[in-house]
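Input: a single structure, listed below in structure tokens.
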Amino acid sequence: MYQTVQILHSYWAYLVVLVVLIATLNSLAGYFTKREYAPKDFRIALFALIVTHIQFLIGLVIYFISPLGLQNITNNGMSEVMGNSLFRLYAVEHPLVMLLTVVFITIGYSKHKKKLVSNTKFKALAIFYTIALILMLSRIPWNQWFD
């Protein structure tokens, strides 16, 4: 079961990065070109929200069943985990930063829905989705992606 969920999490991550990148670039383009907010912009932002939430739920399952997640902290203690960069990445940094990523995407999506003017809608999305994208890219275990 663990390997199946891990494979799902790994492949879904490609979709998440692609969709969040598209949503971020779309919001930045909309903001800087001052174009009107359209239904397609809403769908792109919503799809980014949905795929990141699904990925986070899959990641939570992995965190609780993986030997590198909560079990690692339980078995080795927090001081050992924090002293080992690989353990720290998988047990602390990656889950925490991905939680922040989901929070920023959720806040950006929620704020943009309350705005009435197109430029302010794009601005809210651009700010929060850009922060989320940077956070996400900073804590992806890249060495596993390219092995």
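Any read-out appearing in this document is the output of simple, stated calculations on the displayed coordinates, not a laboratory observation. Keep in mind it's a predicted model, so treat the numbers as computed, not measured. Don't worry about glycine lacking a Cβ; one is built from the backbone with ideal geometry, like all the others, and counts go over all protein chains shown.
Is there a quick way to get the dipole size of the chain? I mean about its Cα centre, with the Cβ of Lys and Arg at +1 and of Asp and Glu at -1; what is the value in debye to the nearest 20? That gives a dipole near 880 debye.
For Asn72, neighbours were defined as the other residues whose beta-carbon sits under 14 Å from its Cβ, and their charges (Lys and Arg +1, Asp and Glu -1) total -1.
Packing, as the average of other Cβ atoms within 10 Å across residues, places the peptides 19-29, 55-65 in the order 19-29, 55-65, highest first. Going through (1) 15.5; (2) 17.1; (3) 16.1, the figure that equals Kirkwood radius over Cα pairs in Å as computed for the structure here is (3). Ranking Tyr31, Leu46, Val5 by Cα position along the charge dipole of the stretch 2-141, where only Lys, Arg, Asp and Glu carry charges on their C-beta atoms, puts Tyr31 farthest toward the positive end.
The amide H of Arg35, built 1.01 Å from its N in the peptide plane, has no neighbour under 5 Å, considering only residues 5 or more places off or on other chains. The calculated 222 nm mean residue ellipticity attributable to helices in the chain amounts to -27500 deg cm²/dmol, summing -39500 (n - 2.57) over DSSP H runs of n ≥ 4 and dividing by all residues.
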